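Heads up: the structure comes next, in structure tokens.
The values are calculated or read from the model by the stated rules, or taken from the named source; none is laboratory data. Since the structure is predicted, the reported quantities are computational estimates derived from the model, not experimental observations. With ideal geometry, Cβ positions are generated from the backbone for all residues, glycine too; neighbour counts draw on all protein chains shown. Keep in mind that these areas ignore ligands, DNA and RNA; they rest on the heavy atoms of the full protein, side chains included. Shrake-Rupley method; radii C 1.70, N 1.55, O 1.52, S 1.80 Å.
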Amino acid sequence: MATTKLTGKELRQLGYPEGKVIGTAMKVLEAHFKGKSKKHKLELLQRVLENPAFYQKHESLGPVAKGLIIKTEHNKMLELNASRIPYQTYGAEGIEQGAVHQMEVAMKLPVTHSGALMADAHQGYGLPIGGVLATKNAVIPYGVGVDIGCRMCMTIYDLPPLFQYDAVSDFKQMLEDNTRFGNATFRRPMDHEVLENKSFGEINILKSLKDRAYSQIGSSGGGNHFVEFGVAELLSDENDLKLPKGKYLAVLSHSGSRGLGANIARHYTKLAMDKCKLPSEAKHLAWLDLDTEDGQEYWIAMNLAGDYASACHHQIYERMAKALGEQPLALVENHHNFAWKEQDADGEEIIVHRKGATPAGKGVLGIIPGSMTAPGFIVRGKGEQASINSASHGAGRVMSRTRAKQSLSRDEVRKHLKKAGVTVIGSGLDEAPQAYKDIHQVMKQQVDLVDVLGTFTPKVVRMCGGNEFAQRD
């Protein structure tokens, strides 16, 4: 007796798209049309394929029709707006054309509300580094970035900032004992309440990442991430930290959410790009609607990654405080590579992506670092609407990593570090001070965005990698 059961191949030959809808159709046929001839089933499915909207509410064929409609919408290419929304640029003369082009594309997205480009901007993936993008009820995983919740964190101590030879040796040892970078982790990681977050047990992608998050907690990433001793100088007694003006020993760190954030970014970027089809120049700006399950999941996972990044920094400071035998007088922390729910000038909710840009709302404290040999700045936000309450997150690169490796020499960098009186553990030519913009110029370009409360001058720096810039006798 000839079988009347259809195969997936036969449905594909009929014109059904690859994916879940084929399985749905076969289940429906088995449940409601068992015993009917193949010809009858094929004719039935052909009619649904030709006019799925007509069958949406059909008692048995409804699920097949809905699956076809979702698949069609899923594969539909979305168009960018013909013209872009205007946006404010700070320090335009120092920003490469690639970054400007990326911002121009972002300002044409159908979900875009407003945007701004910071003075430290340079080209990235999707949204440029230094790009600020406000959207309407949509979150863009690559608008946040791969290192979710990456941040600056500084602790200030009631200790004299002395960096003579013996002290430098002690500070180097403290950094080597109490920090880990890249693939290196602590043999016995410290526990933290962030690892007990219920989302680790409720969201599939997070379930698979909890063990890795535990193993990497308290450590720092590679690339431009660092932990460094230096001199913090408060310029006035009116400084929001409630400390007298003057110079203090300080520790400054820069790192993010490690493998946890990177895997969250990859997972939800793929989902967004699969479900939100955009022209090739905008494909990395694919978004998730915050009213969808995927959008809500990403929002929860992103916030967890941000909390985890903060926990890593706080554990660094727990270890440092113990090594120094001194509790910090103050802590300043601010993050980038994140999305916030904020309000526009009319009180409407917007989703503000700051990729390599930091919050600078009125009264908000932060740190804007320079380079290994240039000062960072302790700042207070002015709440400038044109910048969407944002400021730069650092000096920004003037050389790509490849160009820095090709054009700089180790001896040249060693001389530069020696002249500045800076000792470096780790790092490579791609992170040489010369690869970065002039932080003083960047700060001049954002005087409307922040007030400067003080400075931080690096003295002993640890980054990922071997001791490439060790001074030779």
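Numerical summary
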item	result
Scan of region 1-25 for residues that are in a helix (DSSP H, G or I) and open to solvent by 60 Å² or more (accessible area, probe 1.4 Å), ordered by number	K9, R12, Q13, K20
Subset of region 124-156 (residues that are under 30 Å from A330 (Cα atoms), in contact with an Asp or Glu (Cβ under 8 Å, 6 or more places away or on another chain) and open to solvent by less than 10 Å² (accessible area, probe 1.4 Å))	G130, G149, M152, C153, M154
Qualifying position, being part of a helix (DSSP H, G or I), at pLDDT 90 or above, open to solvent by 60 Å² or more (accessible area, probe 1.4 Å) and on the phi < 0 side of the Ramachandran plot, among H40, H58	H40
Qualifying residue in region 449-459 (condition: more than 22 Å from Y248 (Cα to Cα) and in a loop (DSSP other than H, G, I, E, B))	yes
Filter pass, Y90 being buried (at least 24 other Cβ atoms within 10 Å of the Cβ), in contact with a Leu (Cβ under 9 Å, 6 or more places away or on another chain), under 23 Å from I368 (Cα atoms) and not aliphatic (A, V, I, L, M)	yes
Whichever residue in region 157-182 is open to solvent by 80 Å² or more (accessible area, probe 1.4 Å) and not polar (S, T, N, Q) and, among such residues, is nearest to K459 (Cα to Cα)	L162
Pairs with Cβ under 8 Å, 6+ apart, first in region 235-249 and under 12 Å from L365 (Cβ atoms), second open to solvent by 90 Å² or more (accessible area, probe 1.4 Å)	N239/K245
Subset of region 319-344 that is in a strand (DSSP E or B), free of Cβ contacts under 8 Å to residues at least 60 places away in the same chain and open to solvent by 50 Å² or more (accessible area, probe 1.4 Å) - its residue that is farthest from E176 (Cα to Cα)	Q343
Condition check for L234: hydrophobic (A, V, I, L, M, F, W, C), surrounded by fewer than 23 Cβ atoms within 10 Å (Cβ to Cβ) and within 27 Å of F163 (Cα to Cα)	yes
Members of region 360-398 that are of a type in the set (A, V, I, L, M, F, W, C) and part of a loop (DSSP other than H, G, I, E, B)	A360, V364, M372, I388, A395, V398
Candidates L271, L278, L241, L290, filtered to the one that is of a type in the set (A, V, I, L, M, F, W, C), closer than 27 Å to L329 by Cβ and surrounded by fewer than 23 Cβ atoms within 10 Å (Cβ to Cβ)	L241
Sole residue being touching a helix residue (DSSP H, G or I) at 6+ places or on another chain (Cβ under 7 Å) and either over 27 Å from K418 (Cα atoms) or touching a residue at least 60 places away in the same chain (Cβ under 8 Å) (or both), chosen from N197, N204	N197
Filtered residues of region 345-359 (kept if hydrophobic (A, V, I, L, M, F, W, C) and either touching a helix residue (DSSP H, G or I) at 6+ places or on another chain (Cβ under 7 Å) or open to solvent by 40 Å² or more (accessible area, probe 1.4 Å) (or both))	A345
K418 of a type in the set (K, R), more than 30 Å from D170 (Cβ to Cβ) and either free of Cβ contacts under 8 Å to residues at least 40 places away in the same chain or open to solvent by 60 Å² or more (accessible area, probe 1.4 Å) (or both)	no
